[in-house]
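Since every read-out is calculated from the coordinates, none of them should be taken as a lab result. Small disclaimer: the values here were computed from a predicted structure and weren't measured. For neighbour counting, all protein chains shown are included, and Cβ atoms are generated from backbone atoms with ideal geometry for every residue, glycine included.
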Amino acid sequence: MPLTVNNRTAEHPIDPMFLERWSPRAYDGQPVPREDLMTMLEAARWAPSSYNSQPWRFLYAIKDGPHWERFLGLLVEGNRTWCKNAGALLVLLSKSTMAVPGKEGEVPSHSHSHDAGAGWAYFALQAMRMGYPAHGMVGFDMDRAFAELGVPIGYRVEQMIAVGRRGDPALLSESARAREQPNTRRPLSESVFEGAFPTS
Ligand SMILES: Cc1cc2nc3c(=O)[nH]c(=O)nc-3n(C[C@H](O)[C@H](O)[C@H](O)COP(=O)(O)O)c2cc1C
């Protein structure tokens, strides 16, 4: 019996948490308690990374806290309109160099962004388990994030994250409301190939 959750059907048996996680836009406007946010970040901490370099860095602002308006102001209008009701906003950075055993100083990391992405995935899955949907975003001003958040040279601004308790979709803009449902995925056979990349 194929697993269906949120109108999403898995082709193969998986833990339901992968289908349960999705990215809504309707949030309830309540701040995420700091301890809950730390639990989500703790999960991200245990993501795997090349040479255990842990290149992720998370900057955060809790709703209506001292950094809230600055983080909200980085977003493009289309994201700001719904993110104003999120319970926390985060900016995910990755460090582009790492220490490698046996090598002097820092060397470029091939996978810093990729590893930070694993951290984001762990964060999002933990958050959803706690009843807090998280929503990744690249719709923000990365240059301003870099400058205004004091990001050191050698770090890449990867994405922002909105997280919070689910709110009433009726309060969303019409276009956001129309998209407020879990989406699906292309078939596994279009993403996975045994051996070399297919020629056709
Ligand atoms: C790195 C990243 C950037 C994204 N940027 C945006 C964004 O700027 N605005 C937005 O509304 N959704 C954004 N999304 C959400 C994706 O559209 C969403 O994850 C995708 O459609 C899959 O849907 P699901 O997360 O509900 O499974 C982003 C997601 C990721 C992971």
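Give the peptides 56-69, 160-173, 7-20 in descending order of average Cβ contacts within 10 Å, highest first. Intermediate results must be reported in sequence, preceding the final value.
Numbers: 56-69: 16.6, 160-173: 18.4, 7-20: 12.6.
In descending order of packing, they fall as 160-173, 56-69, 7-20.
Take the Cα atoms of the chain, find their three principal axes, and give me the spread along each one in whole Å, biggest first.
Computed over the chain, the largest-to-smallest principal extents equal 57, 49, 34 Å.
Once the Cβ-Cβ distance between ASP64 and LEU149 is put in as r, and R0 is 30 Å, what FRET efficiency do you end up with, to the nearest 0.05?
Values: r = 18 Å, r/R0 = 0.61.
After rounding, the FRET efficiency stands at 0.95.
Can you spot the lysines whose alpha carbon is less than 27 Å from LYS84's alpha carbon? Ignore those fewer than 8 places along the same chain.
Within the straight-line limit of under 27 Å, LYS84 reaches these lysines: LYS63.
Please enumerate, by chain and number, the lysines with C-alpha under 30 Å from the C-alpha of LYS103, excluding those fewer than 8 residues away in the same chain.
Correct list for LYS103: LYS95.
With runs of 4+ DSSP H residues as the only contributors, calculate the mean residue ellipticity of the chain at 222 nm using -39,500 (n - 2.57) per run, divided by the residue total and rounded to the nearest 500.
It lands at -8000 deg cm²/dmol.
Between THR184 and SER200, what length comes free when the chain is fully extended (0.36 nm per residue of separation minus the Cα-Cα distance, one decimal in nm)? Don't skip to the answer; put the middle values down first.
Working: separation 16, 0.36 × 16 = 5.76 nm, distance 2.42 nm.
Result: 3.3 nm gained on full extension.
Which order do the peptides 120-128, 180-188 come out in when sorted by mean C-beta neighbours inside 10 angstrom, highest first?
The packing order, highest mean first, is 120-128, 180-188.
Of the options VAL151, PHE123, VAL138, report the single residue whose Cα projects farthest towards the positive end of the charge dipole of the stretch 120-165 (beta-carbon charges: Lys, Arg +1; Asp, Glu -1).
Of the candidates, PHE123 comes out farthest on the positive side.
If packing is taken as the mean number of other Cβ atoms within 10 Å per residue, what is the order of 78-84, 144-150, highest first?
Values: 78-84: 18.3, 144-150: 14.0.
My ranking of the peptides, most packed first, is 78-84, 144-150.
With the Cα gyration tensor of the stretch 139-195 giving a ≥ b ≥ c as the square roots of its eigenvalues, does the rule (a/c under 1.5 for rounded; else a/b larger than b/c for prolate; else oblate) give rounded, prolate or oblate? If you can, show how the numbers build up before the last one.
On the way: a/c = 3.07, a/b = 1.14, b/c = 2.70.
Oblate, because a/c is 1.5 or more while a/b does not exceed b/c.
Determine the principal axes of the Cα atoms in the stretch 2-106, then give the extent along each, sorted from largest to smallest and rounded to whole angstroms.
Principal axes ranked by extent give 49, 46, 27 Å for the Cα atoms.
With no solvent and one equal point scatterer per Cα, compute the Debye intensity ratio I(q)/I(0) for the stretch 104-200 at 0.15 Å⁻¹ and report its log10, rounded to two decimals.
These q points yield log10 I(q)/I(0) values of -0.96.
Apply the Karplus curve 6.51 cos²θ - 1.76 cosθ + 1.60, θ = phi - 60°, to the phi angles in the stretch 83-92 and return the couplings in whole Hz, x for Gly and Pro.
5, 4, 9, 6, x, 6, 10, 10, 10, 9
I'd like the Karplus ³J(HN,Hα) series for the stretch 104-114: coefficients 6.51, -1.76, 1.60, θ = phi - 60°, whole numbers in Hz, and an x wherever there's a Gly or Pro.
6, x, 9, 10, x, 9, 5, 10, 4, 5, 4
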